[in-house]
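Values in this text are rule-based calculations from the coordinates and carry no lab data. Note that this is a predicted model, so its numbers are computed, not measured. Positions of Cβ are backbone-derived with ideal geometry, glycine not excepted, and every protein chain shown enters the neighbour counts.
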């Protein structure tokens, strides 16, 4: 038995020897016993300098009650002995360097005990139901430069390497400044630039609603952060600048700058972007101009736009837009928010954008239908200049605790000038298109939460937009259309759609117990379109002819009086959403042929049911029946030129179309299962639909909308995936299949049936290694088949291989390779390869970072793609931005 | 031999008689990493052992998807965890779980190299005068307030080794913050270590347990990635540990090499 203890004793001895030999400094030793002289183990021994609270050294007694306490500096000490169940013993001891002292102690039993102490402490963070208020000062450590650094210090906020902010696991919706927001989801711009020292308090709002009066009524689990600013901060400008310049390639640049200044009264945000690397600069501020409004609140009129028919750059390849967009974009935007009083705020946003785009394509269209066969060749060279001016005013007035008023006014004006050089079947021509869009939009919203669970929102809106288009072609391509005995050598078309809209809506929310929410809306919408177009055949700029059936003078109005109701109901594992819309529609249409008034009543019901059978099986299904009304582009009766060689016209009357949709989805597996699978079916049935009656000639085509009964579309999607633990990779196989049947007329044929089938199978493998390397590889086929009296088939494939490398925390790279294959092209030009590499390096944390991106490294200059329809197979060649390497530096100031 | 056994029993009875009382401390744990979850921790201290129980808080468990931020939150259901520090046998036994399966993790007593504050700084928590100490342990830096007047060298969780009971301890990122809420000296309620054996737990070493967690985490992320479109990358730092212990000794060694 005692043998077992030898090593321990030996170890203890060894420890004592080593400690005493190592620290030949001052020490106090001794033994602690109870009143019966039994040694007390685990007694606390500690010393303090006299008249001090800080403990200088401590130890514990061992089994035999002995202790060794080493003291680093000499002085007058108090030595204390405390042990559970004993009274504290305290001795004075004067210590000199190098000497050894002995201090034994006998501890008396503790007889009086407090049975229980309840301790009250202050909480470092205040949590008030859904708001958490954090005092920035309490957590700042002085080394924070930007807000992001400060937020990193706040418990409960997780900020990822790239700046994504999460509260717990949930990403925040936005980061506001004193309740104001410029950036929505682009909040990193703010948190990475705003000086940390300006922040007073950080407020975290859970279950956030954009309309403060809808809090806890909307079913929201959004989280938002609000930063309040210190009273005394002076506004100063700060921001960042990122400058990219092409190295080892032709002149490419990408410059962006953000400048901000905030104080209690006024906030400014200035943004600039210049680039010629194919990036649409307006994308940078898209979220400011059109904040996402997915909840359908006050959305009346959101979809109302005036229409244009003529477009010269419609066909784009199936590639990243940046690859074919030869551009030269400039954008400057100034945004400001003024706090007039604590209840009144004014937000003013404006931007100016100019862009120049070049675009090239060559195409061979082989037409083959109903015993007709011919080919067209085109070589298209397009140059577009665009200028956009935009202004928006937001006026907010918080009338009281349960009432608010908002007024929004928007104005935008856009001018586009397009010039083309066209070779069509060896005929050279030049087109010019001048377009102007003017848009004015005004909206007023009044919200009243008249009971804690009931809210009423009144919205009124007024929109007016016009989109004139002036087109000119210096060559006349349509000899067949000329009246006999006349001659034309060029052509012009002027068109305009003037749209006016106004509407009112009342939206009522009633939150029931258990979270069930009842909503209904009642409203009135009035839209009026004045659509004019005129085609002119010219000879030496003199109008020769202006055929009546190629012009329009349309007045079209719809008035919709509606009631929409929605109810969400939760019952055990079922969620039911039922919607019904009642519409009373009055329409009036005046064309050159008719003057028609209609009066229709219709109901659109829809129903969604989801059922979580258990953790691994979920089913959801939905059904809806829809009546849709003709729009302005369906009702005009004169042909309008829509491209250099095609004309289109509508039905010439007002129609209503009926359809129904059925959707079923089944999901197997959940996050924890290695195997998971989803399957869904979608069936769409049009009882009536717009098809076309077309006349297709080698030199032009004419399309007329007609109404045909019964079109059906079926779509099925399925995927399975499996995680292989051994290689830490996930395999996913998916396929979707769709089939549609419809009828149309070509060149006075009978109604002919068109069957279209698309099958898209794909497979991909993706790693999830912890190390510095990860891969993602996959391939997808698109198999297309269109059957009329003949069959057109096509198989395309896209294969990709991506590598992600992270060498260090500050240095990472991404390599993307792609291979495109087009089955309908010749062997020598049916494969295209792309390789892009980008890498980032943080030179100085939060201050300077460098990046290098190499695009199109194989220097693929052209890209051919095939396309099939029920009348033709087309091979189109596009020009691609050649290889360039961009070196970029990002600097914060 | 028989006598010896008797002597042992007598000794045990004697010592049990002499030291009936333990200290039972209740702490509030603010675990801010997990969406401001508050948990209750109860620590029972004898003079040479401690046993902490952290009560599960399942208010946030479940899966939430958010279409606005395109995010999916998976919060696993929790069960109670235990840590016991045993200064007699120089070991720590913990009960922790992976996917609701309990493991009994035994490790040799880890070194906690406390640095006492040199300042004359004290903090009064209720009536207790507390001194400040610093600890750097497994990837986090802690600030502790302990009182030498309650003479047990323990605190919540695995903390041990200060000359007095820890009444408040938090890491410098404030991700974990324990504050005392109640101290009692009940007559019974011995540090009953058999509770650890009642948890139906499989024995495992700490290293194996940590490796198992990492493995499960990788599987989980792989499954999330499978539904993401091409080019989606996992943000750096997403798979960083958020547990109390961030870096283990064997991992730190590896890094130093």
- Query: Hey, quick one: spin label on residue A:137, modelled 7 Å out along Cα-Cβ, who in segment A:187-208 has an amide N within reach, i.e. under 15 Å?
  - Reply: A:197-202
- Task: Can you put B:219, A:300 in order of Cβ neighbours within 10 angstrom, beginning with the fewest?
- Result: B:219, A:300
- Item | Cα→Cβ-extended label distance, 7 Å offset, between residue A:374 and residue A:428, nm | 2.3 nm
- Please report how far the C-alpha centroid of segment A:23-81 lies from that of segment A:864-893, rounded to the nearest whole angstrom. 79 Å
- Item | Globularity ratio of segment A:580-700, using Cα Rg and 2.2 N^0.38 Å | 1.61
- Message: Could you tell me the center-to-center distance, by alpha carbons, between segment A:627-660 and segment B:92-168 in angstrom?
- Response: 77 Å
- Message: How would chain A be classified by its alpha-carbon gyration tensor: rounded, prolate or oblate, with rounded meaning a/c under 1.5 and the a/b versus b/c comparison settling the rest?
- Response: prolate
- Message: Once each part is reduced to its C-alpha centroid, what is the distance from segment A:168-230 to segment A:766-785 in angstrom?
- Response: 36 Å
- The relative contact order of chain A, taking Cα pairs under 8 Å that sit 6 or more residues apart, comes to a percentage of 7 percent
- Query: Angle, helix A:2-22 long axis vs. longest principal axis of chain A, Cα atoms, 0 to 90°, nearest 10?
  - Reply: 90 degrees
- Roughly speaking, what is the stretch gain from residue A:454 to residue A:489, that is 0.36 nm per residue apart minus the C-alpha to C-alpha distance, in nm to one decimal? 5.8 nm
- Query: Could you give the nm distance between label points at residue A:512 and residue A:829, where each point is 7 Å from its Cα heading toward the beta carbon?
  - Reply: 6.5 nm
- Task: Identify the residues of segment A:468-492 with backbone N under 17 Å of a label point that sits 7 angstrom from the Cα of residue A:699 along the Cα-to-Cβ direction, or state none.
- Result: A:473-492
- Message: At a threshold of 8 angstrom on Cα-Cα distance, excluding pairs fewer than six apart, so keeping six or more, what relative contact order does segment A:769-893 reach in percent?
- Response: 19 percent
- Item | Spacing of the two label points (7 Å from each Cα toward its C-beta) at residue A:106 and residue A:600, in nm | 10.7 nm
- Item | Theoretical gain in end-to-end length, residue A:715 to residue A:664 [0.36 nm per residue, Cα-Cα removed] | 17.3 nm
- Query: Using r as the Cβ-Cβ distance of residue A:64 and residue B:111, and R0 as 30 Å, what FRET efficiency do you calculate, to the nearest 0.05?
  - Reply: 0.80
- Query: Given the Cα-Cα distance of residue A:626 and residue A:869 and 0.36 nm per residue of separation, how much length would full extension add, in nm?
  - Reply: 84.7 nm
- Query: If you count the DSSP beta bridges with both ends in the protein assembly as shown, what percent of them are antiparallel, to the nearest 5?
  - Reply: 95 percent
- Pull out a ≥ b ≥ c, the square roots of the eigenvalues of the alpha-carbon gyration tensor of segment A:769-893, then state rounded if a/c is under 1.5, prolate if not and a/b is larger than b/c, and oblate in the remaining case. prolate
